[in-house]
Amino acid sequence: MVIRAIGRAEFIHRLSLDSDLEHFIGKEVGWFSNRTGNILGAIALGDKDRGWNYVILKRDQLGKFYACDVVCDFYNHGAARVDFMLAMVAAGRSQGEQFRRMACD
């Protein structure tokens, strides 16, 4: 699966968010999408207690995005990015499934 970096503006446009993800995962520093735009993700730096975090969102059959993977508290950006990329690929492989993994309190 091809994963490409996208800007914040494209991320918000594709997602059509009514709320701000920064409240949940921290200050976003990277935004990503698969080729079709059905899977989106963001990496963020949380507050001092949450470290580096990410969220992966998938489009459901109605065309709305839902959080399928939220993981928090990586010790650095590199570790979060590696885990994030692996999770994006896994989300693409399970496109027909709706699994949700939440690892944040």
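The values are calculated or read from the model by the stated rules, or taken from the named source; none is laboratory data. In this text the structure is predicted, and so the values were computed from the model without any measurement. When we count neighbours, we look across all protein chains shown, and the Cβ atoms used for this are built from the backbone with ideal geometry, even at glycine.
At-a-glance table
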item	result
Every residue from region 14-36 that is surrounded by fewer than 14 Cβ atoms within 10 Å (Cβ to Cβ) and either within 12 Å of the chain's Cα centre (by Cα) or not basic (K, R) (or both)	S16, L17, D18, S19, D20, E22, H23, T36
Candidate set from region 67-99 (those that are aromatic (F, W, Y) and surrounded by fewer than 11 Cβ atoms within 10 Å (Cβ to Cβ)); member that is modelled with the lowest pLDDT	F99
Region 47-64, residues that are surrounded by 19 or more Cβ atoms within 10 Å (Cβ to Cβ) and either outside any strand (DSSP E or B) or not polar (S, T, N, Q) (or both)	W52, Y54, V55, I56, L57, K58
